[in-house]
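S.K.: My questions will all concern the structure given below.
The values are calculated or read from the model by the stated rules, or taken from the named source; none is laboratory data. Nothing here was measured: the structure is a model prediction, and the numbers come from that model. Cβ atoms come from the backbone with ideal geometry, glycine included; neighbour counts cover every protein chain shown.
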Amino acid sequence: MAHIRRHPKAPNRWQVRYIDPYGKERSKNFGRKVDAEKFLHTVEVQKIKGEWTDPAAGKTKFGEWAIQVDTTRPNRRESTRSRDASYLRNLVLPTFGEAELGAVQPNDIRLWIADLQDQGYAPGTIAKAYQILSRAFRVAVADGLIPRTPCREITLPKDDRDEKRFLTVTEAEDLANAIDPRYRAFVLTATYTGLRFGELAALRTNDLDLLRGTLRVDEQLSRQGSWKMVAGPLKSKKAYRTIGIPAFLCAELAAHLAQYPSESDFVFSHAQGGPLDYNRFRRRHWNPAVESSVGSPCTPHDLRHTHVAMLIAENQSPRYIADRLGHESTRTVLDVYGHLYEGIDEAAMEGLDRLRSQAVADPGRPPDGSIVVSMDTRSRNL
């Protein structure tokens, strides 16, 4: 039974004694009886709600805990593990590594974010670092180390940059003509398939069926460490896909494979035949071609955006586009590219107006010229 008493060795202090949810007797001392009463009431409420946590658990160092949480996260590619470990080591631990879990307050996190901004880190980088920090505290709450997370009422810096660029067909052609001829087919394939850089870099010759006009995506390349590119699984089940490719691209790829064969069997490789590295490719080939043709900013991923814009202009459905891009849901397509559907919606409304006008002009015959059969007549004939 929880109770308050005068401390047996210090009569001017008050002692709260209670049984924790695990049956262990605990005590805490106070200088004022009113503070002891408040604490006792809080403890009893926490026990009833299942929110009580061991005060000693909150003294765990954040650094030790965060590393444990990060290293035990499953289902991550090696490149993702390496990136998260780098963010944790370089951006999070210098500030919170020695802090106790239970001692970190929301304002400590706000000050940390402001400091990262002052150091010039991009909003996206700060958001990723905060995600790692927040996950460590969420798991600490779930495991009963702290009663609630300090990641409350936190506002992250807003990224006002529009990183998406949609090239016109002419611009895409200009870029393909401006880049090193070895990568002309790479630019065209990215533009007319929408594959991610890692998916393009992982393409093997046996992934292409140029006679049937199809391309199979079943792996991607990502960086392991600071230089090594390795093949690995795709982001989701939906990302494993076979898509159609236009006839002109089949011809371009056939010519590319004949002119630039690779011993490693990659469709696209560097001059020595090895896999493409994103950073080196951008620095040595992509950026110079962009500057001499379409102008900055423009990234390889913008060719994926361009592909979607082309499909939308051709009245393709969000479901078809999502399947072609390897997205699990059409929601991603609508959230990112929904504004591109505005013109198509207007055209669809014009089509509906046209259908009704035809029907009103000839009410006895549908606008497509087919014959309407009365259900009553059919019933009598039966």
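S.K.: Does the range 69-87 contain at least one residue that is modelled with pLDDT of 90 or more, surrounded by fewer than 18 Cβ atoms within 10 Å (Cβ to Cβ) and of a type in the set (Lys, Arg)?
M.R.: No, every residue in the range 69-87 fails to be modelled with pLDDT of 90 or more, surrounded by fewer than 18 Cβ atoms within 10 Å (Cβ to Cβ) and of a type in the set (Lys, Arg).
S.K.: If you don't mind, another one. What number goes with the only condition from (1) assigned to a helix (DSSP H, G or I); (2) over 30 Å from residue 70 (Cβ atoms); (3) modelled with pLDDT under 95 that residue 177 does not pass?
M.R.: (3)
S.K.: Of these, 251, 247, 289, which one is without any contact (Cβ under 8 Å) to a residue 24 or more places away in the chain and aliphatic (A, V, I, L, M)?
M.R.: 251
S.K.: Could you grab me the full set of residues in the range 105-123 that are modelled with pLDDT of 85 or more, exposed (fewer than 15 other Cβ atoms within 10 Å of the Cβ) and not polar (S, T, N, Q)?
M.R.: Hits for the range 105-123 are 106, 108, 110, 111, 114, 115.
S.K.: With respect to residue 301, is the statement that it is within 21 Å of residue 340 (Cβ to Cβ), surrounded by fewer than 18 Cβ atoms within 10 Å (Cβ to Cβ) and touching a helix residue (DSSP H, G or I) at 6+ places or on another chain (Cβ under 9 Å) true?
M.R.: On the way: within 21 Å of residue 340 (Cβ to Cβ): yes; surrounded by fewer than 18 Cβ atoms within 10 Å (Cβ to Cβ): yes; touching a helix residue (DSSP H, G or I) at 6+ places or on another chain (Cβ under 9 Å): yes.
Criteria met by residue 301.
S.K.: Among the residues of the range 252-279, what is the count of those that are modelled with pLDDT under 90 and not in a loop (DSSP other than H, G, I, E, B)?
M.R.: 2
S.K.: Filtering the range 192-215 down to residues that are outside any helix (DSSP H, G or I) and in contact (Cβ under 8 Å) with a residue 60 or more places away in the chain, which residue is farthest from the chain's Cα centre (by Cα)?
M.R.: Going residue by residue through the range 192-215, those that are outside any helix (DSSP H, G or I) are 194-196, 202-204, 208-215.
Retained after the next criterion (residues that are in contact (Cβ under 8 Å) with a residue 60 or more places away in the chain): 194-196, 202-204.
Values: 194: 17, 195: 16, 196: 13, 202: 20, 203: 22, 204: 26 Å.
Restricting to residues being outside any helix (DSSP H, G or I) and in contact (Cβ under 8 Å) with a residue 60 or more places away in the chain, the top hit is 204.
S.K.: Here is a further query. Out of the range 29-43, which residues are within 10 Å of residue 4 (Cβ to Cβ) and surrounded by 15 or more Cβ atoms within 10 Å (Cβ to Cβ)?
M.R.: Of everything in the range 29-43, those that are within 10 Å of residue 4 (Cβ to Cβ) and surrounded by 15 or more Cβ atoms within 10 Å (Cβ to Cβ) turn out to be 30, 36, 39, 40.
S.K.: When residue 348 is evaluated against the numbered criteria (1) farther than 22 Å from residue 233 by Cα; (2) touching a residue at least 12 places away in the same chain (Cβ under 8 Å), which criterion, by number, is the only one it fails?
M.R.: Residue 348 satisfies every listed condition except (2).
S.K.: Here's a follow-up. Please go through (1) part of a loop (DSSP other than H, G, I, E, B); (2) within 17 Å of residue 270 (Cα to Cα) for residue 182 and return the number of the only condition it doesn't satisfy.
M.R.: Result: residue 182 fails condition (1) only.
S.K.: Does the range 98-112 contain any residue that is part of a loop (DSSP other than H, G, I, E, B), within 30 Å of residue 192 (Cβ to Cβ) and not assigned by TED's automatic domain parsing to the domain that holds residue 222? Reasoning before the result, please.
M.R.: Let us first name the residues in the range 98-112 that are part of a loop (DSSP other than H, G, I, E, B), namely 98-99, 104-105.
Restricting the remaining residues to those that are within 30 Å of residue 192 (Cβ to Cβ) gives none.
Taking every residue of the range 98-112 in turn, none turns out to be part of a loop (DSSP other than H, G, I, E, B), within 30 Å of residue 192 (Cβ to Cβ) and not assigned by TED's automatic domain parsing to the domain that holds residue 222.
S.K.: In the set 189, 170, 149, which member is surrounded by 17 or more Cβ atoms within 10 Å (Cβ to Cβ) and either among the basic types (Lys, Arg) or not in a loop (DSSP other than H, G, I, E, B) (or both)? Reasoning before the result, please.
M.R.: Numbers: 170 fails: surrounded by 17 or more Cβ atoms within 10 Å (Cβ to Cβ); 149 fails: either among the basic types (Lys, Arg) or not in a loop (DSSP other than H, G, I, E, B) (or both).
When all the criteria are applied, what remains is 189.
S.K.: Sticking with this one: Identify, by number, the condition in (1) under 23 Å from residue 304 (Cβ atoms); (2) touching a Lys or Arg at 6+ places or on another chain (Cβ under 9 Å) that residue 151 doesn't meet.
M.R.: (1)
This table checks each residue for (1) of a type in the set (A, V, I, L, M); (2) surrounded by 10 or more Cβ atoms within 10 Å (Cβ to Cβ); (3) modelled with pLDDT under 80.
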| residue | (1), (2), (3) |
| --- | --- |
| 337 | no, yes, no |
| 359 | yes, yes, no |
| 366 | no, yes, yes |
| 376 | no, no, yes |
